[in-house]
Amino acid sequence: MNRIKTAIVGASGYTGMELLRLLFVHPGVELVAATSRQEAGKSLSAVFPRFRKAAGAGLAFIEPDPDAIAATGAQVAFLALPHGVAAEIARALLERGLKVIDLSADFRLRDAAVYQEFYEHPHPAPDLLAEAVYGLPEIRTAEIEAARLIAAPGCYPTSILLPLLPLLRENLIHPDTVVANSMSGVSGAGRKADLSLLFCECNESARAYGVPKHRHLSEIEQELSLAAGEKVTITFIPHLIPVNSGIVTTTTAKLRDGVSPDAIGAALESAYADSDFVRLLGRGGCADTKNVTRTNFIDIGWQHDPRTGRVILMSAEDNLGKGAGGQAVQCFNLMFGLSPIDGLQNF
């Protein structure tokens with residue numbers, strides 16, 4: 001097999017570290033570049049001792065210069081950069097013939113005005129929005145296979161969208177009754193110095209944040225609206241919990257009149273029965289983060305409450321895995337015609 005020359009731009013954060021972990025063991029990847037302004041010149045194994053003796057861990061971090069990245073022969077680049085920063089280097093790499101899988105929020109939205117509303121600055125590359133493909137592999141397989149620019153979904157949106165999209169497509173629930181409550185590990189906030197994220201601030205504690213308009217609402221509502229064929233506005237309440245990684249989400253919505261609760265299970269089975277990374281727990285199945293951390297799986301269970309007429313959807317994923325790096329690798333496999341499970345066969 002001719003291995004695909006691959007770069008990771010912004011490889012020193014938590015998502016970058018997860019990408020390294022996955023790509024080091026990917027049979028179709030040759031890692032040729034990893035960038036970090038802060039760590040430039042140091043080897044990957046020096047910054048991340050866990051990777052000592054991994055093939056390729058002697059590679060040194062370089063500055064995130066598009067010409068230097070292209071000079072390595074890289075055919076594709078994963079961008080693990082903050083929003084607002086990724087778009088500029090994405091454009092430069094596309095111009096140099098690379099494919100791009102962007103894990104920031106810069107290309108997830110179709111409307112530049114919505115981006116400015118939620119991210120509070122003008123979109124840095126609005127002309128590329130129409131080309132970017134929102135990278136939910138289970139939903140947009142064909143588009144991802146043909147794309148050169150992928151917008152990897154956010155971690156919270158993945159946990160909310162995958163359970164809900166089949167129900168909206170089949171018109172089983174009232175869109176205006178959707179409420180999603182999510183709880184995420186601290187790594188979701190990124191690898192940075194922040195008083196609110198210190199151990200003593202997070203341990204033995206849980207709190208809501210980003211209320212009532214978390215930035216991820218923009219992409220969640222965009223994708224739900226596309227599935228429903230009408231504008232969808234939901235209530236989304238994220239919480240920080242004292243674990244390193246993992247997201248558990250409980251979403252509720254009112255069933256439409258005349259819809260049997262059994263239709264919920266049937267819609268999920270129809271959508272995901274053949275999926276490599278969606279595990280359906282069935283009616284009464286409660287998803288648990290301990291079963292998905294360090295994997296690319298999302299577990300989905302559901303229940304119906306006859307007292308309220310609401311369906312209860314329960315999902316769990318690793319925010320760094322299926323919610324970030326793992327899903328990006330899943331997109332990579334589709335883009336290059338590889339096995340969907342390459343590099344992701346961990347339980």
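The values are calculated or read from the model by the stated rules, or taken from the named source; none is laboratory data. Note that the structure is predicted; figures quoted are calculated from it, not measured. Every residue, glycine as well, gets a Cβ built from its backbone with ideal geometry; the counts of neighbours run over all protein chains shown.
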Worksheet, complete the sentence: Screening LEU81, LEU44 for residues that are of a type in the set (A, V, I, L, M, F, W, C), in contact with a Leu (Cβ under 6 Å, 6 or more places away or on another chain) and surrounded by 15 or more Cβ atoms within 10 Å (Cβ to Cβ) leaves only LEU44
Discussion item. So GLY84 ticks every box in (1) more than 25 Å from the chain's Cα centre (by Cα); (2) at positive phi; (3) at pLDDT below 95; (4) small (Gly, Ala, Ser) but one. Which box is left unticked?
Written reply: (1)
Discussion item. Can you find, within segment 193-252, the residue that is surrounded by the most Cβ atoms within 10 Å (Cβ to Cβ) among those that are in a loop (DSSP other than H, G, I, E, B) and of a type in the set (S, T, N, Q)?
Written reply: SER245
Item to complete: Just need a number here: residues in segment 164-185 that are under 15 Å from PHE236 (Cβ atoms), among the polar types (S, T, N, Q) and surrounded by fewer than 23 Cβ atoms within 10 Å (Cβ to Cβ).
Response: 2
Worksheet item: Would you say LYS42 is free of Cβ contacts under 8 Å to residues at least 24 places away in the same chain, on the phi < 0 side of the Ramachandran plot and basic (Lys, Arg)?
Response: yes
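Residue-wise test of (1) under 19 Å from the mean Cα position of the chain (by Cα); (2) part of a strand (DSSP E or B).
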| residue | (1), (2) |
| --- | --- |
| SER270 | no, no |
| ASP274 | no, no |
| CYS286 | no, no |
| GLN303 | no, yes |
| VAL311 | no, yes |
| MET314 | yes, yes |
| VAL329 | yes, no |
| ASN333 | yes, no |
| GLN345 | yes, no |
Discussion item. Filter segment 112-139 down to the residues that are in a loop (DSSP other than H, G, I, E, B), surrounded by fewer than 19 Cβ atoms within 10 Å (Cβ to Cβ) and free of Cβ contacts under 8 Å to residues at least 24 places away in the same chain and list them by number.
Written reply: GLU120, PRO122, ALA130, GLU131
Worksheet item: With respect to GLY190, is the statement that it is under 28 Å from PHE332 (Cα atoms) and buried (at least 20 other Cβ atoms within 10 Å of the Cβ) true?
Response: no
